[in-house]
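Colleague: Please read through the structure below; I'll follow up with questions.
The values are calculated or read from the model by the stated rules, or taken from the named source; none is laboratory data. Just so you know, these numbers come straight off a predicted model, no measurement behind them. Because the Cβ atoms are built from the backbone with ideal geometry, glycine has one as well, and the counts that use them run over all protein chains shown.
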Amino acid sequence: MVLLFLLTAVGFLVLPASADTTTYLIQAANNVYVSNYTIDPAVLFTGDTATATFYVTNGNANQSVMVNHATFGDNDILLTSGSYDTNVNIGPLQTQAFVFSVGTDKSVGTYYPSFSLSFSAGNGLYYRTPVKVDNTPLVMTIADQPDAFAQGVKETICVQISNPRDNDVKNVILEATGNDVTLTPSKTYIGYLAAGTSTMVNFTSTADDPTTLFLNVNYDNGDNSHTINATLPIVFTTDKLQADPVMSNIVIALNNGTYDVTGDVTNAGLSNANGVTVTSLSPAVPQDPERNYVIGTLKPDDFGSFEITFTAPDGTTSVPLQQSYKDNDGNVITSVQNIDLTQATTQTGSKPSMLPALVVVIIIVLGVGGYLYQKKRKNQ
């Protein structure tokens with residue numbers, strides 16, 4: 001009977017203490033809150049996965065709080081990693097990070113999954129956060145390209161890459177490929193591209209034959225890889241603004257087996273022709289003194305004369321003359337025109353010397369000078 005009384009007395013002493021402890025723990029839990037959260041990527045494509053991080057802060061100055069069963073997600077945003085099922089102690093004024101991997105196969109829209117955790121006192125914390133799904137890709141635009149492509153000519157192409165999404169993307173790379181074409185650089189690393197911004201990328205192409213360029217932009221939305229593609233046909237056409245050297249007034253003379261060809265080159269284009277050169281091609285064999293002839297720079301509507309000498313095997317009726325020049329980018333552009341050797345005029349001996357005419361001029365000058373000198377003396 002005495003033992004029963006003592007146990008009853010002890011029970012009355014313990015029960016109020018347990019109730020006070022529970023109330024104290026509940027009050028402490030009320031000071032625990034989500035102080036921040038991040039979702040990377042901030043906006044998902046359908047099928048993407050994301051890393052969600054929730055920062056839980058214990059606002060109590062002197063009381064630790066034990067939490068467990070932390071999880072995140074719902075039927076729309078699915079948890080792809082495990083939840084926190086073990087106890088986690090958060091010290092006074094400390095912050096604990098809870099990291100989850102989630103994914104979705106939902107279409108475009110905004111969803112509101114919940115982050116939750118439990119306290120040892122029996123109550124819990126619930127925090128809903130929006131997760132946006134948007135399938136808008138990056139945009140690639142050919143911002144600038146030449147008016148015309150030509151064989152073997154290096155041309156500059158400018159590509160604009162824009163990010164119309166509401167979140168940043170990373171590891172952006174532009175890659176250009178194609179057959180029978182040299183691309184410099186063929187791959188350009190851009191890196192981060194912030195939401196609502198764009199960037200310009202330049203590269204050069206030198207095509208040996210008409211072809212098609214394949215342009216690919218690879219980028220990461222969080223840890224999810226995505227790609228956009230574009231094509232650019234390269235078709236050889238005539239540049240309306242390029243230089244256009246034209247040979248004319250061709251005169252062919254044959255002297256002791258050596259052909260002497262003179263003529264003019266006129267720039268009929270709208271750009272400068274730099275370093276204009278004329279030479280003969282096989283079966284011709286260039287000979288001194290004019291194996292080839294450098295005219296230099298011809299401005300639009302300007303012309304220059306040339307003279308070249310060569311021999312040709314017996315029976316040759318035509319020989320190609322090649323003229324070449326450099327455009328403003330340093331590209332060498334050539335063209336060939338055949339000349340008819342059967343139209344050559346035959347000369348014998350050497351070329352007429354300019355010396356007799358020069359002697360005559362000197363004699364006339366001296367004679368006139370002497371006459372004027374004598375006349376001046378008589379007048380004195």
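Colleague: Run down Tyr127, Tyr192 and say which single residue is assigned by TED's automatic domain parsing to the domain that holds Tyr33 and either acidic (Asp, Glu) or under 30 Å from Thr38 (Cα atoms) (or both). Spell out how you get there, then give the answer.
Modeller: Details: Tyr192 fails: assigned by TED's automatic domain parsing to the domain that holds Tyr33.
Exactly one residue qualifies, and that residue is Tyr127.
Colleague: Looking at the range 275-294, which of its residues are buried (at least 17 other Cβ atoms within 10 Å of the Cβ) and farther than 13 Å from Ser305 by Cβ?
Modeller: Step one: of the range 275-294, the residues buried (at least 17 other Cβ atoms within 10 Å of the Cβ) are 276-280, 284, 290, 293.
Once the filter is applied, which keeps residues that are buried (at least 17 other Cβ atoms within 10 Å of the Cβ) and farther than 13 Å from Ser305 by Cβ, the range 275-294 yields Thr277, Thr279, Ser280, Ala284.
Colleague: Any idea which of (1) surrounded by fewer than 14 Cβ atoms within 10 Å (Cβ to Cβ); (2) closer than 30 Å to Asp166 by Cα is the one Ile190 doesn't satisfy?
Modeller: (1)
Colleague: Now a separate question. Of everything in the range 227-267, what is within 13 Å of Ile333 (Cβ to Cβ), in contact (Cβ under 8 Å) with a residue 60 or more places away in the chain, surrounded by 17 or more Cβ atoms within 10 Å (Cβ to Cβ) and not hydrophobic (A, V, I, L, M, F, W, C)? Give them in sequence order.
Modeller: Selection gives Asp239, Gln242, Pro245.
Colleague: It is to be established whether one or more residues within the range 264-272 are at pLDDT 90 or above, acidic (Asp, Glu) and over 29 Å from the mean Cα position of the chain (by Cα).
Modeller: yes
Colleague: If you don't mind, there's one more thing I want to ask. Can you say whether Asn379 is polar (S, T, N, Q) and modelled with pLDDT under 90, as far as the supplied structure shows?
Modeller: When the stated conditions are applied, Asn379 passes them.
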